[in-house]
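Q: Starting off with a structure, shown below.
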Amino acid sequence: MEAGAMGDRKQHWEQVYRDKSPLEVSWYQKEPSLSLELIRNSGIQKDDPIIDVGGGASLLVDRLQQTGYSQLSVLDISARSLAYAQSRLGEAARQIEWHEVDVTEFSAPHRYALWHDRAVFHFLTKAADREKYVEVLNASLRPNGHLVIAAFAIGGPTQCSGLNIVQYDAERLLNVLGDGFQLLEELSESHPTPAGKRQAFSYFHLHRL
Ligand SMILES: C[S@@+](CC[C@H](N)C(=O)[O-])C[C@H]1O[C@@H](n2cnc3c(N)ncnc32)[C@H](O)[C@@H]1O
């Protein structure tokens, strides 16, 4: 992606977090239940490294920490979203690795046992960006690592935060990821937004071969 377009992407997300509180954004969840269920089902150890990609101000990292997972990282393109999460966590934020970067440009400082992404990959509407994401994922995830990814389902919303998205089912996701992943579980969620609407999400748990 060229520099200008990437800057636009960052600007978009910083503006979103400037305009709205993290409690008002459509993707807000008090309890990220399905993500936690799939992470638990992966069977990784409590001291295995986990990264929440595009985690923003999500409470997933708080809940993982409370459950005893100790090697946590959060990545987001928006500094503002990470600052919200850090101030919410207070002292506990010091135990977490924070990465302010576009995921397609991420160079992981070490490998992760589990990569989590809720509603981030689906914004990559260009094949070249999806290819870069998959390259970064493959370079960042351990062999035998786990991928938990949630996206708008087929028939769900076509936009999020004013941006077009790609809807996913397992077949479409596996096509983009290539041969290196095996689907272990799939869950559906009808997500209630703070504005009272419903959004159809699909959650996928895959294993890296
Ligand atoms: C719809 S929100 C989902 C946030 C969080 N995963 C959740 O479920 O609450 C998308 C998040 O991804 C971040 N984001 C969007 N594009 C990104 C990119 N290319 N690289 C890194 N983060 C990105 C945004 O700043 C935002 O925090």
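The values are calculated or read from the model by the stated rules, or taken from the named source; none is laboratory data. Every value quoted in this text rests on a predicted model; they were computed, and no experiment measured them. In this analysis, Cβ positions are derived from the backbone assuming ideal geometry, glycine residues included, and neighbour counts consider all displayed protein chains. We work out accessible area using only protein heavy atoms, side chains counted, and drop any ligands, DNA or RNA first. Shrake-Rupley method; radii C 1.70, N 1.55, O 1.52, S 1.80 Å.
Q: Which count do you get for residues in segment 77-101 that are of a type in the set (Asp, Glu) and either open to solvent by less than 10 Å² (accessible area, probe 1.4 Å) or out of contact with any helix residue (DSSP H, G or I) (no Cβ under 8 Å at 6 or more places or on another chain) (or both)?
A: Of the residues in that region, 2 qualify.
Q: Within segment 36-49, how many residues are of a type in the set (Gly, Ala, Ser) and either closer than 18 Å to Leu137 by Cα or near the ligand (Cβ under 8 Å from one of its atoms) (or both)?
A: Here is the first cut: in segment 36-49, the ones of a type in the set (Gly, Ala, Ser) are 42-43.
Imposing the further condition that a residue be either closer than 18 Å to Leu137 by Cα or near the ligand (Cβ under 8 Å from one of its atoms) (or both) reduces the set to 42.
Here the count works out to 1.
Q: Okay, next question. Is one or more of the residues making up segment 16-28 in contact with a His (Cβ under 9 Å, 6 or more places away or on another chain), among the hydroxyl-bearing types (Ser, Thr, Tyr) and surrounded by 12 or more Cβ atoms within 10 Å (Cβ to Cβ)?
A: There is at least one residue in segment 16-28 that is in contact with a His (Cβ under 9 Å, 6 or more places away or on another chain), among the hydroxyl-bearing types (Ser, Thr, Tyr) and surrounded by 12 or more Cβ atoms within 10 Å (Cβ to Cβ).
Q: Also: Tell me, please, whether a residue that is under 24 Å from His146 (Cα atoms), among the small types (Gly, Ala, Ser), more than 9 Å from the ligand (Cβ to nearest atom) and crowded, with 20+ Cβ neighbours inside 10 Å can be found in segment 50-71.
A: Within segment 50-71, the first condition is being under 24 Å from His146 (Cα atoms), and the residues that meet it are 50-71.
Filter again for among the small types (Gly, Ala, Ser), leaving 54-58, 68, 70.
Subsequent filtering for residues that are more than 9 Å from the ligand (Cβ to nearest atom) retains 68, 70.
Filter once more, keeping what is crowded, with 20+ Cβ neighbours inside 10 Å: none.
Within segment 50-71 (the criterion being under 24 Å from His146 (Cα atoms), among the small types (Gly, Ala, Ser), more than 9 Å from the ligand (Cβ to nearest atom) and crowded, with 20+ Cβ neighbours inside 10 Å), the answer is no, since none of the residues qualifies.
Q: Select from segment 85-98 the residues that are closer than 27 Å to Leu187 by Cβ and within 14 Å of the ligand (Cβ to nearest atom) and list them in ascending order.
A: Matches in segment 85-98: Ala85, Arg88.
Q: On the basis of being open to solvent by 40 Å² or more (accessible area, probe 1.4 Å) and part of a strand (DSSP E or B), does Leu147 make the cut?
A: So Leu147 does not fit the description; no.
Q: Restricting attention to segment 115-129, which residues are near the ligand (Cβ under 9 Å from one of its atoms) and of a type in the set (Gly, Ala, Ser)?
A: Ala119
Q: While we're looking at this one, here's another question. So which residues in segment 102-114 are within 12 Å of the ligand (Cβ to nearest atom), open to solvent by less than 60 Å² (accessible area, probe 1.4 Å) and either more than 13 Å from the chain's Cα centre (by Cα) or more than 14 Å from Ile77 (Cα to Cα) (or both)?
A: Quick first cut of segment 102-114, residues within 12 Å of the ligand (Cβ to nearest atom) only: 102-106.
Within this subset, residues satisfying the condition of being open to solvent by less than 60 Å² (accessible area, probe 1.4 Å) are 102-104, 106.
Result: Phe106, single match.
Q: Give the number of residues within segment 173-209 that are surrounded by 13 or more Cβ atoms within 10 Å (Cβ to Cβ), of a type in the set (Lys, Arg) and out of contact with any Phe, Trp or Tyr (no Cβ under 7 Å at 6 or more places or on another chain).
A: Count: 0.
Q: Moving on to the next point. Pairs needed: first member in segment 127-146, on the phi > 0 side of the Ramachandran plot; second member anywhere, part of a strand (DSSP E or B) and of a type outside the set (D, E, K, R); C-beta distance under 9 Å; at least 6 residues apart or different chains.
A: If the second residue must be part of a strand (DSSP E or B) and of a type outside the set (D, E, K, R), the pairs left are Asn144/Ala113; Asn144/His207.
Q: Sticking with this one: Collect the residues in segment 127-144 that are closer than 15 Å to Asn175 by Cβ and either among the aromatic types (Phe, Trp, Tyr) or out of contact with any strand residue (DSSP E or B) (no Cβ under 7 Å at 6 or more places or on another chain) (or both), keeping them in residue-number order. Steps first, please.
A: So in segment 127-144, the residues closer than 15 Å to Asn175 by Cβ come out as 127, 130-131, 133-134, 137.
Scanning segment 127-144 gives Ala127, Arg130, Glu131, Tyr133, Val134.
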